[in-house]
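Take a look at the structure below.
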Amino acid sequence: MPDVPLTDDPLILDRSPLPEGVGERLAAQLRFVAEADKLKTILRASPLAAAERRENDAEHSWHLALMVVLLAEYADEPIDVGHAVKLVVIHDLVEIYAGDSPVFVPGAADDQAEREEAAAERLFGLLPADQAGEIRALWDEFEAGRSPEARFGKAMDRLQPMLLNWLARGGTWQLPGATESTVRAREAGVVAGSTSLGSFTGQLVDEGLRRGWIRPDEA
């Protein structure tokens, strides 16, 4: 099951309040920035390629931002790279309270939408009203895949763990809920934003099957 933090934990900034006299707007912004540090503690199922441990959500979000910058030319639709970077940096912040929902762990995502909606309300509400609305709109845009940037960002969100699994010679493809069909479903998420990167992902899956890193579906 995912590592889910207690939702009634105190805010980080409440443990070490800011000096007196800090303006209300800045204090709210710094409260959010401090709380975002918790993203570094949320472990994902995906293994790192460079070390024998799992990646955390902050590392994942940074990796997606880098991929957007480097791979934007493969998007099926023209994208605003800066906007796409905003989307992928923000998209997993709700997991500070909602926790990660590993796709290949049965039942882990059953109430994911409800957990993340509640987390969004709590987390984004820490910001000044104008920024709370802006950040919430970006999160909603990504979740709905309603723009070229969101569709490409979601494609990167599917490709990145596929690549980490390949580099780990299986990774989360070895979990009980992972078979060819469930892995192919993740591949489809890449295709939705980039047919060329989707084709590359298909090559990873085909070769992963051949090498025994992905289990075929039962006949």
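The trypsin sites (Lys or Arg not before Pro) of region 13-65 meeting both criteria, a DSSP state outside H, G, I, E and B (loop) and at most 13 other C-beta atoms within 10 angstrom of the site's C-beta, are Arg53.
Anyone know which of Leu70, Leu126, Leu159 comes out most mobile in the 10 Å Cα GNM of the chain? Looking only at Leu70, Leu126, Leu159, the largest GNM fluctuation is found for Leu70. Tally up the carbon and sulfur contribution to the accessible surface of region 114-164 as a whole percent, 1.4 Å probe, everything protein left in place. With neighbouring chains kept in place, the figure for region 114-164 is 54 percent. Loop-located trypsin sites (Lys or Arg not before Pro) across region 100-205 with a Cβ neighbour count of 12 or fewer within 10 Å are Arg146, with loop assigned by DSSP. Shape class for region 26-87, computed from the alpha carbon gyration tensor (a ≥ b ≥ c): oblate, with a/c not under 1.5 and a/b at or below b/c. Helix 195-210 sits at what angle to the longest principal axis of the chain, using alpha carbons and giving 0 to 90 degrees rounded to 10? Computed tilt is about 60 degrees. The residues of region 83-170 have, on average, 38 Å² of accessible surface per residue, using a 1.4 Å probe with all protein chains present. Quick check on the chain: take the gyration tensor over C-alpha atoms, sort the square-rooted eigenvalues as a ≥ b ≥ c, and tell me if it's rounded (a/c under 1.5), prolate or oblate. It comes out prolate by the Cα gyration axes. Exposure check, 1.4 Å probe, all protein chains in place: Met67 carries approximately 20 Å² of accessible surface. Which shape class applies to region 55-161: rounded if a/c is under 1.5, otherwise prolate when a/b exceeds b/c and oblate if not, where a ≥ b ≥ c are the square roots of the Cα gyration tensor eigenvalues? Oblate shape, in that a/c is at least 1.5 and b/c is the bigger or equal ratio. Using a Gaussian network model of the chain in which every pair of alpha carbons under 10 angstrom is joined by a spring, one finds that among Pro102, Pro176, Pro17 the greatest mean-square fluctuation is at Pro17.
The values are calculated or read from the model by the stated rules, or taken from the named source; none is laboratory data. This one's a predicted model, so the numbers in the text were calculated from it and none came from an experiment. Neighbour counts run over all protein chains shown; Cβ positions are idealised from the backbone, glycine included. Accessible surface areas use protein heavy atoms only, side chains included; no ligands, DNA or RNA. Shrake-Rupley method; radii C 1.70, N 1.55, O 1.52, S 1.80 Å.
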